[in-house]
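The values are calculated or read from the model by the stated rules, or taken from the named source; none is laboratory data. Not measured: the values here are computed from a predicted model. For neighbour counting, all protein chains shown are included, and Cβ atoms are generated from backbone atoms with ideal geometry for every residue, glycine included. The area values use the complete protein model at the heavy-atom level, side chains included, leaving out ligands, DNA and RNA. Shrake-Rupley method; radii C 1.70, N 1.55, O 1.52, S 1.80 Å.
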Amino acid sequence: MTPFAYRRARNVDDAVRLATAPGAHFLGGGTNLIDLAKGGVVQPTLLVDVSRLPLAEVTTTADGGARIGAMARNSDVANHPLIRTRYPLLSQALLAGASPQLRNMATIGGNLLQRTRCPYFYDTGFERCNKRAPGSGCGALEGINRNHAILGASAACIATHPSDMCVALAALRASVRVHGPRGERTIAIADFHRLPGDAPQRDTTLADGELIVAVDLPPDGFADRAHYLKLRDRASYAFALVSVAAALDVRDGVVQDAALALGGVAHKPWRRPEAEARLVGRAPTDAAFADAAEVLLQGARPATQNGFKVPLARRAIVRALQAAGAQV
């Protein structure tokens, strides 16, 4: 085991100061970081414990939206009355992820920072992984890639992002508040996670030492018509082959606004505003849903073993929008 130091942050500024040390990692629930450290995928030299910082509240914002503290536990957020009633899409996505035991430990901030479950990344016995060892190659390109990306991938990496929660946040157009050495800033969820490009080792646009302090949700949570659909190999405790976060604002039989994002298909939650725009002004019909699906899946490039994801995603998008549209 690689030796490491442990420090408990007194406050946010103290956490950021400690995190500037080489090899430092923030420790919240630890449900992903501990696995990675045990497997030798990451080797922290300092763990900065932020789990006791006062960042676990769920509150209403001045504009009528909601703010979720980064240290709030997934299970607490999923069952919070504000989230269940006004943002059911997020509650459904959180409950679709992991197991109850893990949801009781995992934090919102940690969920945002989940790393891929690609076996070539997770198993150090595989030498070729650009995400773990930049420049070594991508073993999945010519290996086992059934679960891998069909959208937004590159020659350097075809891994997928594992979070269910982040798919719902992308559809809801959330933003992430972070605090770092240069102060506080807000990052739109669409800009928070990166596509791999030629630097797949960088999962997010966070700068060194920046700590996630909260997630902000806009006032419109599509409370009446929202559905999260997760398709996986087994009924529980499995990552998505394809997932869909879908929500509709329907008035007088016409779609006024739509929210749509895919999981399990790319390096980040996959959203195209053009797909949502394809639904606006139309009746919520299967034909309109199919049009939106085609736009969302434009440019899909399957690997050798996951071509089934394209028709699967197409059908899943229509099914999720049907479920959202059927609600009152």
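Quick one: how many residues across the stretch 309-327 are closer than 11 Å to Leu248 by Cα and either hydrophobic (A, V, I, L, M, F, W, C) or not in a loop (DSSP other than H, G, I, E, B) (or both)?
Residues in the stretch 309-327 being closer than 11 Å to Leu248 by Cα and either hydrophobic (A, V, I, L, M, F, W, C) or not in a loop (DSSP other than H, G, I, E, B) (or both): 7 in total.
List the residue pairs whose Cβ atoms are under 9 Å apart, where the first residue sits in the stretch 170-199 and is at positive phi, the second is of a type in the set (A, V, I, L, M), and the two are 6 or more positions apart or on different chains.
Within 9 Å, the pairs are Arg173/Ala188; Arg173/Ile189; Arg173/Ala190; Arg173/Leu217; Arg173/Ala259; Gly197/Ala156.
Restricting the stretch 16-33 to residues that are part of a helix (DSSP H, G or I) and over 23 Å from Asn104 (Cα atoms), which is most open to solvent (accessible area, probe 1.4 Å)?
My answer is Arg17.
Could you tell me how many of the residues in the stretch 44-67 are part of a loop (DSSP other than H, G, I, E, B), surrounded by fewer than 17 Cβ atoms within 10 Å (Cβ to Cβ) and touching a residue at least 24 places away in the same chain (Cβ under 8 Å)?
Total meeting the criteria: 5.
Would you confirm, using the coordinates I've provided, whether Ala261 is open to solvent by less than 50 Å² (accessible area, probe 1.4 Å), hydrophobic (A, V, I, L, M, F, W, C), under 14 Å from Leu229 (Cα atoms) and touching a helix residue (DSSP H, G or I) at 6+ places or on another chain (Cβ under 9 Å)?
Yes.
Just wondering, is there one or more residues in the stretch 34-43 that are open to solvent by 40 Å² or more (accessible area, probe 1.4 Å), in a helix (DSSP H, G or I) and under 21 Å from Ala170 (Cα atoms)?
Among the residues of the stretch 34-43, not one is open to solvent by 40 Å² or more (accessible area, probe 1.4 Å), in a helix (DSSP H, G or I) and under 21 Å from Ala170 (Cα atoms), which makes the answer no.
Can you tell me which condition Leu89 does not meet? The list is (1) outside any strand (DSSP E or B); (2) crowded, with 21+ Cβ neighbours inside 10 Å; (3) touching a Lys or Arg at 6+ places or on another chain (Cβ under 7 Å), and all the others hold.
(3)
For the stretch 187-208, which positions are surrounded by fewer than 17 Cβ atoms within 10 Å (Cβ to Cβ), in contact with a strand residue (DSSP E or B) (Cβ under 7 Å, 6 or more places away or on another chain) and outside any loop (DSSP other than H, G, I, E, B)?
Within the stretch 187-208, Ala188 is the sole residue that qualifies.
Of everything in the stretch 105-143, what is in a strand (DSSP E or B) and either of a type in the set (A, V, I, L, M, F, W, C) or surrounded by fewer than 16 Cβ atoms within 10 Å (Cβ to Cβ) (or both)? Give them in sequence order.
Hits for the stretch 105-143 are Cys129, Cys138.
Filtering the stretch 209-237 down to residues that are exposed (fewer than 14 other Cβ atoms within 10 Å of the Cβ) and modelled with pLDDT of 95 or more, which residue is farthest from Arg319 (Cα to Cα)? Please lay out each step first, then the result.
The first filter runs over the stretch 209-237 and keeps only residues exposed (fewer than 14 other Cβ atoms within 10 Å of the Cβ), leaving 219, 224, 233-237.
If we keep only those that are modelled with pLDDT of 95 or more too, we end up with 219, 224, 233.
Numbers: Pro219: 26, Asp224: 17, Asp233: 18 Å.
That would be Pro219.
Conditions: (1) in contact (Cβ under 8 Å) with a residue 40 or more places away in the chain; (2) under 30 Å from Gly264 (Cα atoms). Pro81 meets all but one. Number of the miss?
The single condition Pro81 does not satisfy is (1).
What number of residues within the stretch 158-183 satisfy the criterion of being in contact with a helix residue (DSSP H, G or I) (Cβ under 8 Å, 6 or more places away or on another chain) and outside any loop (DSSP other than H, G, I, E, B)?
Residues that pass the stated criteria total 12.
Could you tell me which of the residues Gln327, Gln322 is open to solvent by 50 Å² or more (accessible area, probe 1.4 Å), farther than 21 Å from Leu151 by Cβ and modelled with pLDDT under 95?
Step by step, each of Gln327, Gln322 is checked, and only Gln327 is open to solvent by 50 Å² or more (accessible area, probe 1.4 Å), farther than 21 Å from Leu151 by Cβ and modelled with pLDDT under 95.
This table checks each residue for (1) more than 30 Å from Gly139 (Cβ to Cβ); (2) of a type in the set (Phe, Trp, Tyr); (3) assigned to a helix (DSSP H, G or I).
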{"site": "Ala247", "(1), (2), (3)": "yes, no, no"}
{"site": "Gln256", "(1), (2), (3)": "yes, no, no"}
{"site": "Ala259", "(1), (2), (3)": "yes, no, no"}
{"site": "Val265", "(1), (2), (3)": "no, no, no"}
{"site": "Lys268", "(1), (2), (3)": "no, no, no"}
{"site": "Ala275", "(1), (2), (3)": "yes, no, yes"}
{"site": "Leu279", "(1), (2), (3)": "yes, no, no"}
{"site": "Pro302", "(1), (2), (3)": "no, no, no"}
{"site": "Gly307", "(1), (2), (3)": "no, no, no"}
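Picking from Leu169, Leu217, Leu151, which residue would you name as being touching a Gly at 6+ places or on another chain (Cβ under 7 Å), of a type outside the set (Asp, Glu) and farther than 26 Å from Arg132 by Cα?
Leu217
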